[in-house]
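J.: Take a look at the following structure, please.
The values are calculated or read from the model by the stated rules, or taken from the named source; none is laboratory data. Values in this document were obtained by computation on a predicted structure and should not be read as measured data. Quick reminder, even Gly has a Cβ in these numbers, built from the backbone with ideal geometry, and neighbours come from all protein chains shown.
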Amino acid sequence: MASSKKVIITCAVTGAIHTPTMSPHLPVTPEEIAAGAVGAAEAGAAIVHLHARDPETGRPDQSPEAFARFLPRIKQQTNAVVNLTTGGAPFMTVDERVRPAATFKPEVASLNMGSMNFGLFPMLARYKEWKHDWEPKALEASRDLVFRNTFKDIEFVLRTLGDAGTRFEFECYDTSHLYNLSHFLDRGLVKPPLFVQTVFGILGGIGAHPEDVAHMKRTADRLFGTQYKWSVLGAGRNQLPVAAMAAAMGGNVRVGLEDSLWAGPGKLAESNAQQVRLARQIIEGLGLEIATPDEAREILQLKGGDKVAF
């Protein structure tokens, strides 16, 4: 299959980590999120990974109503695969986090594969003033935050979304998360090809050293063999170096303002599309080709954009 040699670019448009104070380019309103997703797709992203926010405060909003304000626009304007978060924000319950994907039945939903400390508080030192009171409070609270993703939680998401034909972007922040995924594969609760997103550089997860990237790849190879497709996500300044390593090793890449606000040292990215173009430069500079949305659907064996509920 020729498309299996193509590199899938995922773009995570806004997320729940960064706050409005950190960048004027972070999409917050439904219009900005839709425009960010469409722009990323036009730049070469085959998949757009989506969160929602309160348009007034920028605070993460996991209500289906918030997603309904931009999902139809994105579907009308692009053929990109839509991937909805079930991670939401680390302080939310799993019932709250799964609701949008359960409502809209996307082709892909993210699924965090283990509980972990999730430290965002180092970002507090970078800013003296904040646009909204909730921002520093949320960052400070992460000193004592465990992002809960128990075996029961994971099984709940799998069973809630499985009947709709939704497949998963399995987010693995450490080696143990790969073993957790292997456990669910052994039980028959997930099926190949597994789309494994290894995450590097979050405080509480594995680091972003080249040896960390290689270790996660070796472990996934040993556990899943030919049954998975590998992708990487580098947080913050690690985004493009990790993307370059993975692309050179035969992997897929994820970029976007959810994961990093930067387009280079000290240079804020002006859009999600800019980061997609930078990743595409790396991929094509290696003599590789990017996958179209339909090629990504074939590679990941997705149900198709005509079988979603939005």
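J.: Quick one: which of 159, 99 is at pLDDT 95 or above, of a type in the set (Lys, Arg), touching a Ser or Thr at 6+ places or on another chain (Cβ under 9 Å) and not in a loop (DSSP other than H, G, I, E, B)?
T.: Criteria check complete, one pass: 99.
J.: From the residues in the range 188-214 that are in a helix (DSSP H, G or I) and surrounded by 16 or more Cβ atoms within 10 Å (Cβ to Cβ), which one is farthest from the chain's Cα centre (by Cα)?
T.: Filtering the range 188-214 for residues that are in a helix (DSSP H, G or I) and surrounded by 16 or more Cβ atoms within 10 Å (Cβ to Cβ), the one farthest from the chain's Cα centre (by Cα) comes out as 212.
J.: What residue, among those in the range 252-273 that are without any contact (Cβ under 8 Å) to a residue 60 or more places away in the chain and buried (at least 17 other Cβ atoms within 10 Å of the Cβ), is nearest to residue 202 (Cα to Cα)?
T.: Filtering the range 252-273 for residues that are without any contact (Cβ under 8 Å) to a residue 60 or more places away in the chain and buried (at least 17 other Cβ atoms within 10 Å of the Cβ), the one nearest to residue 202 (Cα to Cα) comes out as 260.
J.: It is to be established whether one or more residues within the range 184-196 are within 17 Å of residue 172 (Cβ to Cβ), touching a residue at least 60 places away in the same chain (Cβ under 8 Å) and of a type in the set (Val, Ile, Thr).
T.: no
J.: Sticking with this structure for a sec: What residue, among those in the range 215-238 that are touching a residue at least 40 places away in the same chain (Cβ under 8 Å) and not hydrophobic (A, V, I, L, M, F, W, C), is nearest to residue 199 (Cα to Cα)?
T.: Restricting to residues being touching a residue at least 40 places away in the same chain (Cβ under 8 Å) and not hydrophobic (A, V, I, L, M, F, W, C), the top hit is 231.
J.: Let me confirm something: among 147, 170, 121, which residue is surrounded by 20 or more Cβ atoms within 10 Å (Cβ to Cβ) and touching a helix residue (DSSP H, G or I) at 6+ places or on another chain (Cβ under 7 Å)?
T.: Checking each option against the conditions leaves just 170.
J.: Can you find even one residue in the range 301-309 that is touching a Pro at 6+ places or on another chain (Cβ under 9 Å), aliphatic (A, V, I, L, M) and either modelled with pLDDT of 95 or more or surrounded by fewer than 20 Cβ atoms within 10 Å (Cβ to Cβ) (or both)?
T.: yes
J.: For residue 92, only one of the following conditions fails: (1) assigned to a helix (DSSP H, G or I); (2) out of contact with any helix residue (DSSP H, G or I) (no Cβ under 8 Å at 6 or more places or on another chain). What is its number?
T.: The single condition residue 92 does not satisfy is (1).
J.: With the condition kept exactly as written, say whether any residue in the range 285-294 is over 15 Å from residue 78 (Cβ atoms), of a type in the set (D, E, K, R) and not in a loop (DSSP other than H, G, I, E, B).
T.: no
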